[in-house]
Ligand SMILES: Cc1ncc(COP(=O)(O)O)c(C=O)c1O
């Protein structure tokens, strides 16, 4: 019996090592990684520059604490703010949930600065923002919330991809101070809103003077065709949360907060022991520089479109396929039933991905995937679906 807390339903497989888009298990079997450990290892495994950075930084100083200046943190902040193209400041945490928590704290600070006693935040149906108490309730997963009640105060939930619902809520309740939104919802099955949704949210946030908080933890870092997903709407959020792919596997979370709101945080009002440590920031600087200098986001757009187009063609008319959706290398194929078992079949065929929202094959391949590997995904997914339903 394992002494691990039983919160994960793990596949009976262990990785021995990885190389680029490939993973090798402890029995020497090879798998195409169409998952990236949930959108984390965007540059693939054992990326030479990232590995070299981690090794050299580990040999210098891994941890410093924020009682001293951390040059890697300053450099990463400069880089992210430059990429965001905003007058802003950055803060570093250890995970996506912590990054979103920082956005929630920002919203409350903003509300209190306007003398609102119980500031409220609009959150979305279908949202996922992490596993802390605040983020499970900002998210919409009943499963993630079950047993952890009471919810935090001040959340107003509206339908995703429905700007009118946001406006109705804003009109009704003057204590609303922010809107928290994912540009694409990953955990609820890769839900892509209409092209102008984020533009409408931005307009409403301006009109009602509330903060636009954009959670790019999963869809950011080049995965959907631009470094930040919201860039495609040509808008600037008031704050952005990042994590997952930011340091290619070294734990890190980040927030980019626009001026003047960034100055609501004062000395001592927020912090983290590990947050922004030299190792994670060094790994993130190299990861970001690689994504930008090689334009891997363009490859994500190109290969993602190929997979999307190909699956639409090959699965057209398949009565078990409810929908195919996504952007760049964040793709979902929704089936007509719960389909976790298809993962066992996938492993037999030498590919790994995961299931989101119980019924959706979620593909999150590395941004560095090439034409041949993309073709493998295009061939394997329809084959797997056919075999899966033939077996059932
Ligand atoms: C959009 C989004 N926000 C936040 C999180 C939480 O990130 P973490 O698991 O690093 O806390 C996730 C994780 O899946 C996510 O997809």
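The values are calculated or read from the model by the stated rules, or taken from the named source; none is laboratory data. This one's a predicted model, so the numbers in the text were calculated from it and none came from an experiment. Here the Cβ positions follow ideal geometry from the backbone for every residue, glycine too, while neighbour counts run over all protein chains shown.
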Q. Does residue 97 satisfy the criteria of being within 29 Å of residue 355 (Cα to Cα), surrounded by 11 or more Cβ atoms within 10 Å (Cβ to Cβ) and in the same structural domain as residue 354 (by TED's automatic domain parsing)?
A. no
**Q.** Every residue from segment 230-245 that is in contact with a strand residue (DSSP E or B) (Cβ under 6 Å, 6 or more places away or on another chain) and within 11 Å of the ligand (Cβ to nearest atom)
**A.** 241, 242, 243
Q: State whether the residues of segment 71-91 include one that is within 16 Å of the ligand (Cβ to nearest atom), free of Cβ contacts under 8 Å to residues at least 60 places away in the same chain, closer than 24 Å to residue 283 by Cα and buried (at least 20 other Cβ atoms within 10 Å of the Cβ).
A: no
(Q) Restricting to segment 200-229, and then to whatever is within 13 Å of the ligand (Cβ to nearest atom) and outside any loop (DSSP other than H, G, I, E, B), can you tell me which residue is farthest from residue 91 (Cα to Cα)? (A) 229
Q) Which strands (runs of 3 or more DSSP E) sit wholly inside segment 245-350 and have at least 2 residues that are closer than 21 Å to residue 72 by Cα? A) 253-258
Q) Do the conditions hold for residue 38, that is, is it within 16 Å of the ligand (Cβ to nearest atom), over 23 Å from residue 249 (Cβ atoms) and under 20 Å from the mean Cα position of the chain (by Cα)? A) no
Q: Test each condition in (1) under 23 Å from the mean Cα position of the chain (by Cα); (2) over 23 Å from residue 326 (Cβ atoms); (3) in contact (Cβ under 8 Å) with a residue 24 or more places away in the chain for residue 170 and report the one that comes out false.
A: (1)
Q: Answer with yes or no whether residue 213 is within 17 Å of residue 253 (Cα to Cα), assigned by TED's automatic domain parsing to the domain that holds residue 136 and at pLDDT 95 or above.
A: yes
Q. Can we say residue 279 is assigned by TED's automatic domain parsing to the domain that holds residue 105 and buried (at least 24 other Cβ atoms within 10 Å of the Cβ)?
A. no
Q: Count, please, the residues in segment 126-153 that happen to be farther than 23 Å from residue 254 by Cβ and touching a helix residue (DSSP H, G or I) at 6+ places or on another chain (Cβ under 8 Å).
A: 3
